[in-house]
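Single-structure report; data block below.
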Amino acid sequence: MYEDLAEFAVKFASKNGASYVEARLEETNSNAFVLKNGGLEISGFEDSFGIGVRLINKNTLGFASTNIATKDALQDVIKKALDVTSASAKYSDNIKLSSEKPSKKSYKVYEKKNINDVSPKIKIDLLKNVDATLNKTGIKIPTGYYSLNDETVKKFYVNSEGSKIQSQIARPNFFYMFVVKDGTKTSQRMWQYGATGGWENVEKWDLPVRISKEAKDLYYALANGQSCPKGEVDIVASPQITGIISHESCGHPFEADRILGREAAQAGESFITKDMLGTQIGNKAVTLVENPTLKNTYGFYLYDDEGVKARERFLVKKGVINDFLHNRETAYQFNVKSNGAARSSEFDKEAIVRMSNTFIDKGEYSVNELIKDVKLGIYLKSFMEWNIDDKRYNNRYVGNEAYLIENGKIKHPVKNPAIEITTPALYMSIDACGKDIEWHSATCGKGEPMQGMPVTHGGPTIRIRKVRLSV
């Protein structure tokens, strides 16, 4: 891993005037396979290596990286970063980081079946099996796209304050999209599975069985869907809906860099402001959690990319805004400690404030109890699209597989019910959460250049009262 290069980078930059330095060395091994309409379109194997160095010089933040594993190459990029920060010091903000306790730790995610020991043939055969199983359903599937990826990332992080973190995390990932057709009507389904750990996670997903069942359910809803009721109705939303709501309307607007305006020209802003801590945004039934330490989840890590120990964060606690997601820079500006939310997708990208595993916490009701108390409503099992504005205030979620609820019982499928609601109104309208809880994986985009980050979102089945559908 060339750990000595990372330590050399910190010493060299410090010796040449930097008041703070951190170096992040990364080695990534990845594999990718794509099957489209029964044909293998892509197979790829990639090994990458590099080191990213972030420093503060004359109260100005700088970042440089190289994939050349020599001290001469490191000195060159560090000198350039020092020159740039010196030249721009009079125009930049006075950058300071929160004071954090140095950490020393080495950890590795356990793989029962090492991903790199699984042959390409086994991985390709899985994709072909998924495609063949879908075709055996007898449903017309004009388009089927299936992607299986895995990566093993080794990191070595060191900073001038004494932190030294070494980690190894393997992540398998499966993404799919297919279209079902009934006459002239079509419906599309796309979703993702991801985890940290070995090939045993992929086996647990039982992909051919799960996806063929999804195709059957989606086709049934497409072929038999009736019009939605008009006026105000109650919504019982499955964990898939809960997850996207958690991620888009809480996770993103609670990122402190968005709140401060840093992301405005890139990924958007936030309707949340610094002084909203302690204010009520939702019903007492609503607690929103961000926790990167959940084992095997796609967004798992124990230390972030600033060497800060990860921990559970309660963004909303019983309806009250309780915490934001911070890196060390934003934490200083809020006069708090970092809560370990700095992440980078690759060695040559700056670590910025990111989500990990974001979810609504479970409640005390069974799914049947949530449904039983609804006189007229909709059960949303999956969504076909979501939209949210740049400030994460106005939300729109359109159901894909959805069913009418009448007098506490699930009836026939309904066509594409759409919820249009503001974030505070949505959280205020959630009156109960289920005891069930599910995790669903995704790749979250943010930053410039764009950084796709593995995350998990989810939660329990929830009940949302008196929502006016847009159909």
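Using the reciprocal of the averaged 1/r over all distinct C-alpha pairs, how large is the Kirkwood radius of the chain in Å?
23.7 Å
Sequence-distant or interchain residues sharing an amide H contact under 5 Å with C228, placed H: which?
K415
With every protein chain left in place, what is the accessible area per residue of region 290-401 in square angstrom, probe 1.4 Å?
Numbers: 4520 Å² over 112 residues.
Using a 1.4 Å probe on heavy atoms only, each residue of region 290-401 averages 40 Å².
So which of K185/K411; K154/K274; K11/K113 end up more than 30 Å apart, counting from Cα to Cα?
Values: K185/K411 21 Å; K154/K274 36 Å; K11/K113 39 Å.
Among K185/K411; K154/K274; K11/K113, the Cα-Cα distance tops 30 Å for K154/K274; K11/K113.
What are the residues whose amide H is under 5 Å from the amide H of G50, where those residues sit 5 or more places off or on another chain and H is modelled from the backbone?
E26
Estimate the FRET efficiency between K136 and S227 by the formula 1/(1 + (r/R0)^6), using the beta-carbon distance for r and 35 Å for R0, to the nearest 0.05.
Values: r = 32 Å, r/R0 = 0.92.
Approximately 0.60, to the nearest 0.05.
What percent do you get for the relative contact order of region 30-100 when only Cα pairs under 8 Å and 6+ apart count?
Reported relative contact order: 24 percent.
I'd like to check one number: the per residue accessible area of region 56-109, probe 1.4 Å, reported in Å² as a whole number.
Solvent-accessible surface per residue comes out at 62 Å².
What is the helix-to-structure angle for 120-135, meaning the angle in degrees between its Cα long axis and the longest Cα principal axis of the chain, kept from 0 to 90 and rounded to the nearest 10?
Tilt relative to the chain: about 20 degrees.
Between I68 and E420, what is 0.36 nm times their sequence separation minus the Cα-Cα distance? Round to one decimal in nm. All intermediate terms of the calculation are to be shown ahead of the outcome.
Values: separation 352, 0.36 × 352 = 126.72 nm, distance 5.05 nm.
Value of the extension gain: 121.7 nm.
Find the centroid of the Cα atoms in region 231-285 and in region 170-185, then give the distance between the two in whole Å.
Distance between centres, Cα-based: 28 Å.
Within region 203-359, what whole-number % of the accessible surface is contributed by carbon and sulfur, with the 1.4 Å probe and all protein chains included in the calculation?
Of the solvent-accessible surface of region 203-359, carbon and sulfur hold 46 percent.
What value, in deg cm²/dmol to 500, does the helix sum -39500 (n - 2.57) over DSSP H runs of n ≥ 4 give at 222 nm once divided by the residues of the chain?
On the way: 10 runs with 103 residues, N = 471.
My calculation for the chain gives -6500 deg cm²/dmol from helical runs alone.
Taking 0.36 nm per intervening residue step and subtracting the Cα-Cα distance, what contour gain separates L277 from V209 on full extension?
So the extension gain works out to 20.0 nm.
List residues of region 390-430, by number, whose backbone nitrogen lies under 15 Å from a label position 7 Å along Cα→C-beta of K375.
Only 405-409 pass the distance filter.
Cα-based count: Lys pairs in region 318-376 below 24 Å, eight or more positions apart or different chains?
6
On a C-alpha basis, how far is the centre of region 21-66 from the centre of region 361-424 in Å? Whole number, if you could?
The distance from the Cα centre of region 21-66 to that of region 361-424 comes to 38 Å.
Could you work out the relative contact order of region 281-320, using alpha carbon pairs under 8 angstrom and six or more residues apart, expressed as a whole percent?
Across region 281-320, relative contact order equals 58 percent.
How high is the FRET efficiency from D76 to E448, r the C-beta distance, R0 25 Å, rounded to 0.05?
E(calc), rounded to 0.05, equals 0.55.
In nm, what is the difference between 0.36 nm times the number of residues separating K105 and T143 and their Cα-Cα distance?
Working: separation 38, 0.36 × 38 = 13.68 nm, distance 4.67 nm.
Extra length from K105 to T143 when fully extended: 9.0 nm.
Using label points projected 7 Å from each Cα along Cα→Cβ, tell me how many nm separate T184 and K435, to one decimal.
4.9 nm
Under 5 Å between amide hydrogens, which residues at least 5 positions from L325 or on another chain qualify, with H placed 1.01 Å from N in the peptide plane?
E255, A256
The values are calculated or read from the model by the stated rules, or taken from the named source; none is laboratory data. All of these numbers come straight from a predicted model, not from anything done at the bench. Positions of Cβ are backbone-derived with ideal geometry, glycine not excepted, and every protein chain shown enters the neighbour counts. Just so you know, the surface numbers come from the protein's heavy atoms only, side chains and all, with ligands and any DNA or RNA stripped out. Shrake-Rupley method; radii C 1.70, N 1.55, O 1.52, S 1.80 Å.
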